[in-house]
Amino acid sequence: MRKFLVVLDDSRECLNAMRFAALRAAHTGAGVQILSVIPPEEFQHWIGVADIMRQEARERIVAHFEVFAKWMRDRQGIEPELVIREGEPVNEILDQIREDAQIGVLVLGAGTDKSGPGPLVTQMTRNSGTLPIPITIVPGEMSKERLEAIT
């Protein structure tokens, strides 16, 4: 089964990327894989403290994921898969794509502030020429109704 890979983070634009991935998956018979990356700078402490912080980060991710997963299950009939990785976000996204041959499309949400679409979108588009899959960039300001109309 083909999967849409979408990145879960604390950005506002993440919501539109999630919606788009779920709607497209529901309309095409695909799945959704949600990837959350814990950056290494969160664990620059003593080992015991780092372990506690790592566990707390994972618990926050799972709680955040459950909100999206419930919506996907209830509204779209999609059972998303959660993957949590630790490292630099771009490297971890690229590794996930390489390791899971079922991933067919990477879905990212573009930020709306004047500084640009966001660091993840900027970095991933730089790598887009060598990716084995296409990237779909969903505008952060796109309305829910417009998303539903185009998917």
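Quick note: the coordinates plus some simple rules give every number you see, no bench work behind them. What you are looking at is a predicted structure, and each value in this text was computed from that prediction instead of being measured. Using ideal geometry, Cβ is built from the backbone for each residue, glycine included, and neighbour counts are taken over all protein chains shown.
Computed quantities for the displayed model
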item: Derived scalar couplings ³J(HN,Hα) [the range 119-130; Karplus, 6.51 cos²θ - 1.76 cosθ + 1.60; whole Hz; x for Gly, Pro]; result: x, 5, 4, 4, 5, 5, 5, 5, 8, 4, x, 10
item: Residues whose placed amide H lies under 5 Å from that of Val105, excluding near-sequence neighbours; result: Lys3, Leu5
item: Hz values of 3J(HN,Hα) by residue in the range 136-151 - Karplus curve (6.51, -1.76, 1.60), Gly and Pro given as x; result: 10, 10, 9, x, x, 8, 5, 6, 4, 5, 5, 4, 5, 5, 8, 8
item: In Hz, Karplus ³J(HN,Hα) per residue of the range 74-85 (6.51, -1.76, 1.60; θ = phi - 60°; x = Gly, Pro); result: 6, 9, 10, x, 10, 9, x, 10, 9, 10, 10, 10
item: Among Gln96, Val107, Ile78 the positive-end extreme of the charge dipole of the range 77-116 (Cβ point charges); result: Val107
item: Amide proton proximity set for Glu81, modelled H, under 5 Å, gap of 5+; result: Val32, Gln33, Ile34
item: Rounded, prolate or oblate (a/c below 1.5 giving rounded, otherwise prolate when a/b exceeds b/c) for the range 70-151 by Cα gyration tensor; result: oblate
item: Pairwise Cα inverse-distance average, inverted: Kirkwood Rh of the chain (Å); result: 15.9 Å
item: Sequence ranges 135-147, 11-23, ranked by mean other-Cβ count within 10 angstrom, highest first; result: 11-23, 135-147
